[in-house]
Amino acid sequence: MKICIIGNSLTSLTLAKALVNKEIFVDIFYKNKNIYLDKTRTIGLSKSNINFFNNNISKINKILWPIKKIKIFSENSRGEELIGFEEPNNHLFSIINNFRLYSQLSSELNKIKYFKAKNDVPFKKLVNLGYDLIINCDSDHSITKKFFSKKFEKKYDSFAYTTIIEHKNLALNNTAIQIFTKKGPMAFLPISNNKTSIVYSMRTKDNEQNLDIKKLINKFNSNFKIKKINKISKFKLKSFNLRNYYKSNVLAFGDLLHKLHPLAGQGFNMSLRDIRNLLDVIDKKIELGLALDQTVCVEFQNKTKAGNFIFSEGIDFIYEYFNSENKIKNNLIDTSIKYIGKKKYLNEYFKKIANEGLQI
């Protein structure tokens, strides 16, 4: 069994490591061996995905920062907490730095005999190399434009600004804070007792040049004595869901399948759940002595597509729900969110969805 993965993104390396752990030969084809990795980018991993990662991909506990509480505010709430989630004796999720995770996976893969990294070749040549499956994780590859360009897409007219602040040491920096400002959600995500990651998804126009993001961070910060705000990175926001996941034995994967607004931190978590589902399909084929062929793609799409679409639409609904308060200019939504927070069964349901995704 031999699988080809196109692209060397974080999702590509994660999938490759999961496959080689099953003693499946994997070749990764890349255009640029040394891709740029933004050291200010972080990922929130759910408890279920951390367990999956540790058991099936790589041991990551040493590079995780656990989060035990989430507090949600709005700019209109004047500092009053709208809703909170907490696991006093455990953690809700953990934060991990993209660069550290990528580096660990890359180092481990290069030591495994089932793995090879190769320079990209034309697709016509690739299909003649005898791979059972070709998994495309590269949005800029020629086959993406050829086979995987049709999607349900939404543009937010927003940019995400990310950075890491360094601040006075806290005894327990384990509470994530989300503030729905009039321009969009700002998240404070602890990564150590003296460092916190910032993600500000801000509605703005391409030609707005006079934004002082550091000033806005200071405006909404009420918990940290900031010593330094590191370099601020910026990227445009949109969401989409791919219409068709495969063509013959070529499967789209990762950010090619779905892209979400980052307010709930679910993008990479969805990709991990996709990896879990793909491994389930592959395991069943191996157990039955069947080939890894186009039927893997068919079964994977049938298993995941509907749930992925509903989940991503749910994230978009949450964004638009909070955004509508700024449009109607009253506190009705703040009041309704506080009401939901008082209902324990609803609180537990939302925690379960964030941890495990939708079970369809």
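The values are calculated or read from the model by the stated rules, or taken from the named source; none is laboratory data. In this text the structure is predicted, and so the values were computed from the model without any measurement. All Cβ positions, even for glycine, are placed from backbone atoms using ideal geometry, and neighbour counts span all protein chains on display. What goes into the accessible areas is simple: the full protein's heavy atoms, side chains included, and nothing from ligands, DNA or RNA. Shrake-Rupley method; radii C 1.70, N 1.55, O 1.52, S 1.80 Å.
Distance between the pseudo-spin-label points of Ser336 and Thr204 (7 Å out from Cα toward the beta carbon): 3.0 nm.
The residues packed around Gln178, meaning those with a beta-carbon under 11 Å from its beta-carbon, carry a net charge of 0 if Lys and Arg are +1 and Asp and Glu are -1. Among the listed pairs Lys2/Lys247; Lys31/Lys259; Lys113/Lys146; Lys22/Lys234, which are separated by more than 26 Å between their Cα atoms? The answer is Lys113/Lys146; Lys22/Lys234. Each Cα pair under 8 Å and six or more residues apart adds its sequence gap; the mean of these over the residue count of the chain is a relative contact order of 20 percent.
For the stretch 233-300, the pair-distance distribution built from all alpha carbon pairs, in bins 5 Å wide starting at 0, is 4, 15, 22, 22, 15, 10, 7, 4, 1, 0 percent. Using the rule -39500 (n - 2.57) for each DSSP H run of four or more residues, divided by the residues of the chain, the 222 nm mean residue ellipticity is -11500 deg cm²/dmol.
Each Lys or Arg adds one and each Asp or Glu subtracts one; over the other residues with Cβ under 13 Å from the Cβ of Gly130, this totals -1. For a straight C-alpha distance cut-off of 18 angstrom, the lysines reachable from Lys228 (same-chain residues fewer than eight places away being disregarded) are Lys39, Lys168, Lys195, Lys214, Lys215, Lys219. Normalized C-alpha radius of gyration of the stretch 195-282, against 2.2 N^0.38 Å? For the stretch 195-282, the normalised Cα radius of gyration comes out at 1.51. Note on Phe99: accessible area approximately 70 square angstrom, rounded to 10, probe 1.4 Å, nucleic acids and ligands left out. Atom-type composition of the exposed protein surface of the stretch 89-129 places 49 percent of the accessible area on carbon and sulfur (1.4 angstrom probe). Summed over the residues of the chain and divided among them, the accessible surface reaches 51 Å² per residue at a probe radius of 1.4 Å. Taking max minus min of the alpha-carbon positions on each principal axis, the stretch 136-272 gives extents of 55, 35, 23 Å, largest first.
Once the Cα atoms are used to define both axes, helix 332-342 deviates from the longest principal axis of the chain by about 70 degrees. Derived scalar couplings between HN and Hα for the stretch 263-279 equal 4, 9, x, 9, x, 5, 4, 5, 5, 5, 5, 5, 4, 4, 5, 5, 4 Hz in order, rounded to whole Hz, by the Karplus curve 6.51 cos²θ - 1.76 cosθ + 1.60 (θ = phi - 60°), x for Gly and Pro. Largest mean-square fluctuation among Gly289, Gly44, Gly314, in a Gaussian network model of the chain whose springs join Cα atoms under 10 Å apart, belongs to Gly289. How high is the relative contact order of the stretch 1-134? Use alpha-carbon pairs under 8 Å, at least six apart in sequence, and give a whole percent. Reported as a whole number, the value is 37 percent. Counting pairs of Cα atoms in the stretch 1-159, how many percent are more than 28 Å apart? Pairs farther apart than 28 Å: 37 percent.
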